[in-house]
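Pasting in a structure now, in structure tokens, and then I'll have a few things to ask.
The values are calculated or read from the model by the stated rules, or taken from the named source; none is laboratory data. Keep in mind that this is a model prediction, so the values were computed, not measured. Cβ placement follows ideal geometry from the backbone for every residue including glycine, while neighbour counts extend to all protein chains displayed.
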Amino acid sequence: MKAELHSHTVYSRKCGNIKPRDLIKYAKLKGLDEVVITDHDTIKGYLAVRKLRPDVKVVCGEEITTKDGELLGLFLTEEVKSGMSAEETIDEIHKQGGLAIAPHPFDIRNGLRSKITRLKLDGIEVFNSRTLWRKADTVARIHALQLGLTGTAGSDAHFPSELGTSYVEYEDDLYKAIKRNKLILHARYTPIPVHLSYALLNKFRKALQLRRQED
């Protein structure tokens, strides 16, 4: 079984560009059995996919903005509010029976690294396809080993073609595989030219949206 653990739909308004229909299409093309949808501070993308195709296997996740940095909540039952401390956010994730993963914790995008050894995490994202400073992933792997935490990999997909750039392989049940550290990681970086072209495309899209709002 193959799963994408980190993806963003158009409901991640600052960065996501994957429409629910395209997520279903590309997940099938990439041979993914499950996709965890982790939009920023919302689960609307997950709900949209579920409404469109109830038969498709997607997991409710969220990339939550905390006072200390970003956290991934996986297997959620409802949206987790942003703006709490990392500790409070993890408690809320666990109350829902979900899993708390630190995404790209040593990348410049996340300030969670200062607390990572003291948090009750279920895992650390040790490979992120969009990481530009690749040593950050090496540091994350070292910390996962030292703390005895599950290491995960994710594409951090913002565009349809990025889905499945990195994925995890597991047997039978994804939740149990993460809890028991029984994942096989298949990790690949998004090529830098592609990364930069997507960044420019995203800026153009936002500028176009702003102009339409002004008109």
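Checking G31 against (1) touching a His at 6+ places or on another chain (Cβ under 6 Å); (2) at positive phi: exactly one of these is not met. Which one?
Single failed check for G31: (1).
So in the stretch 111-126, with the set limited to residues that are closer than 13 Å to H143 by Cβ and either under 13 Å from the mean Cα position of the chain (by Cα) or part of a loop (DSSP other than H, G, I, E, B) (or both), which one is modelled with the lowest pLDDT?
Taking the candidates together, the pick is K115.
For the stretch 48-75, how many residues meet the condition of being in contact with a strand residue (DSSP E or B) (Cβ under 9 Å, 6 or more places away or on another chain) and surrounded by fewer than 16 Cβ atoms within 10 Å (Cβ to Cβ)? Spell out the reasoning first.
Initial filter on the stretch 48-75 (in contact with a strand residue (DSSP E or B) (Cβ under 9 Å, 6 or more places away or on another chain)): 48-50, 56-65, 69-75.
Adding the requirement that they be surrounded by fewer than 16 Cβ atoms within 10 Å (Cβ to Cβ) leaves 56-57.
Total satisfying the criteria: 2.
Something else now. Can you spot a residue in the stretch 67-77 that is on the phi > 0 side of the Ramachandran plot, at pLDDT 95 or above and touching a helix residue (DSSP H, G or I) at 6+ places or on another chain (Cβ under 9 Å)?
Kept after step one, since they are on the phi > 0 side of the Ramachandran plot, are these residues of the stretch 67-77: 69, 75.
Applying the additional criterion that residues be at pLDDT 95 or above yields 75.
Retained after the next criterion (residues that are touching a helix residue (DSSP H, G or I) at 6+ places or on another chain (Cβ under 9 Å)): 75.
Within the stretch 67-77 (the criterion being on the phi > 0 side of the Ramachandran plot, at pLDDT 95 or above and touching a helix residue (DSSP H, G or I) at 6+ places or on another chain (Cβ under 9 Å)), the answer is yes, since at least one residue qualifies.
How about the stretch 124-155: which of its residues are surrounded by fewer than 23 Cβ atoms within 10 Å (Cβ to Cβ), touching a strand residue (DSSP E or B) at 6+ places or on another chain (Cβ under 8 Å) and either at positive phi or of a type in the set (V, I, T) (or both)?
Correct list: T150 only.
Hey, another quick one. Within the stretch 1-96, considering only strands (runs of 3 or more DSSP E) that don't extend past its boundaries, which have at least 1 residues that are among the acidic types (D, E), closer than 27 Å to D172 by Cα and in contact (Cβ under 8 Å) with a residue 12 or more places away in the chain?
Fully inside the stretch 1-96 and qualifying: 2-7, 34-37, 58-65.
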